[in-house]
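S.K.: Got a structure here, written out as structure tokens. Questions coming.
Any read-out appearing in this document is the output of simple, stated calculations on the displayed coordinates, not a laboratory observation. All figures in this text were calculated on a predicted structure; none of them were measured in a lab. Positions of Cβ are backbone-derived with ideal geometry, glycine not excepted, and every protein chain shown enters the neighbour counts.
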Amino acid sequence: MTEILAVSTAFPAHKHPQGQLTAKYADLAGLRRARRALLERLHQNAGVRTRHTVAPLHEYGALGGIESRNDRYIAEATDLGETALTQALARAGRQPPDIDLIVVTSVTGVAVPSIDARLIPRLGLRPDVKRLPIFGLGCVAGAAALSRVHDYLRGWPGHTAALLAVELCSLTVPAAGATTADLVASGLFGDGAAALIASGARAPGQPGPRVIATRGEVFPDSTDALGWRLSETGFRIVLTTDLSEVVESRLGPAITQFLAGQGLTADDIGAWICHPGGPRVIDAVQRALKLPDEAVAQSREALAEAGNLSSASVLHILEKVADAGVTPGTFGLMIGLGPGVSAELVLLRW
């Protein structure tokens, strides 16, 4: 059984109101009047109040191309990841040598050696720690990585695992040739990292949730709805209006089947940890499952206060839900969504 001992989110120091980020991006992209008006409408409708950026705003005009941005990603992701993991370890009452497996997921930069390898000496992890870097799953990766941690701990119940999701979305926002999809993304995504510590053995007095079951599904004929493409200037978002339609039509049956396999229905779920992909995606999840407003309130608030953190978002929301207090015995469902279009479902119980 996988016991979640602690979750902790870390944000960069630079926090900005949405309007300030809108004005900065309009200037960086050199938008003319009509496109600037479109940008302002899109940002105002993004459901976001504030977001964090890894660099101060005045530096974004001089970040350079893909090489210099990726170098900045490696340095900053390692620093922010170290902070998140240090916080999570302290909350879990664990030391770095206690970790037997470290899983790191990120899709906003490329690092070889991977971020997990760079963190071994900085955190004081054992040199023989097992490592699993994950790239390419996008926003769904936080939930998918937790599923893989669960798989590992079922086989090694005496072990302790660490999961880190770190995303520096601001380093991927293009300044030249902005498409409408780029304008949408520039108003949604924020920078942040979230770390989780889990054990295969129940800790005495542990108030956190345990993982009961997981399921991943890639929805057919949806691969072009969401993703990255690599251009000469870096990553470019692939984002279509089909995304919310795919989520609304496919997610409900997937969740119904998953819960039925555990003898449950959506009415049995008392805590919902839904990926805040954007207002339309949250609306689609809510309609697909016929959820009351309070079920997705934490997702909307996480989006408002920090934006979409990609893979780190569901872990951030899990932290918020757990810190707010959950009655023992309550079932929870984590819903990760990402390119594929894919969904990862993690059934929890406090």
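S.K.: Counting Lys and Arg as +1 and Asp and Glu as -1, each charge on the Cβ, what is the dipole of the chain about the Cα centre in debye, to the nearest 20?
M.R.: Dipole size: approximately 260 debye.
S.K.: I need two numbers for region 2-199: Rg to one decimal and Dmax as a whole number, Cα atoms only, in Å.
M.R.: Answer for region 2-199, Rg first and Dmax second: 18.3, 61 Å.
S.K.: Would you mind telling me the antiparallel percentage of the DSSP bridges in region 2-199, rounded to 5?
M.R.: Here the share of antiparallel DSSP bridges comes out near 65 percent.
S.K.: What are the radius of gyration and Dmax of the chain, computed over its Cα atoms and given in Å?
M.R.: Final numbers for Rg and Dmax: 19.3, 61 Å.
S.K.: Can you tell me the relative contact order of the chain? Whole percent, Cα pairs under 8 Å, sequence separation 6 or more.
M.R.: Relative contact order comes out at 26 percent.
S.K.: Once you keep just the Cα pairs under 8 angstrom separated by 6 or more residues, what percentage relative contact order results for region 91-177?
M.R.: Relative contact order for region 91-177 comes out at 42 percent.
S.K.: Hey, another quick one. At 20 °C and 1.002 mPa s, what whole-number value in µm²/s does Stokes-Einstein give for the translational diffusion of region 158-315, with Rh from the Kirkwood sum over Cα pairs?
M.R.: 121 µm²/s
S.K.: Report the calculated FRET efficiency for GLU59 and THR265 (r = Cβ-Cβ distance, R0 = 45 Å), to the nearest 0.05.
M.R.: With a Förster radius of 45 Å, E is 0.35.
S.K.: Tell me the relative contact order for region 147-263 as a rounded percent, counting alpha carbon contacts under 8 Å between residues six or more apart.
M.R.: 27 percent
S.K.: If I build a Gaussian network model for the chain, linking alpha-carbon pairs within less than 10 angstrom, which residue out of PRO209, PRO276, PRO127 has the largest mean-square fluctuation?
M.R.: PRO127
S.K.: Tell me, what is the FRET efficiency for SER231 and THR330 to the nearest 0.05, using R0 = 56 angstrom and their Cβ-Cβ distance as r?
M.R.: FRET efficiency, SER231 to THR330: 0.80.
S.K.: In addition: Which of the listed residues, TRP272, PRO328, LEU315, is farthest toward the dipole's positive end in region 210-349, when Lys, Arg count +1 and Asp, Glu count -1 at the beta-carbon?
M.R.: It is PRO328, whose Cα lies furthest towards the positive end.
S.K.: For region 2-199, with only Lys/Arg (+1) and Asp/Glu (-1) charged at the beta-carbon, what is the dipole magnitude about the Cα centre, in debye rounded to 20?
M.R.: The calculation lands at about 540 debye.
S.K.: Loop-only check: which trypsin sites (Lys or Arg not before Pro) in region 239-343 are DSSP coil with at most 13 other Cβ within 10 angstrom?
M.R.: Here the trypsin sites (Lys or Arg not before Pro) that fit, given the DSSP loop and packing criteria, are LYS290.
S.K.: Now, a different point. Over the Cα atoms of region 102-175, Rg to Rh with Kirkwood Rh, two decimal places?
M.R.: 1.01
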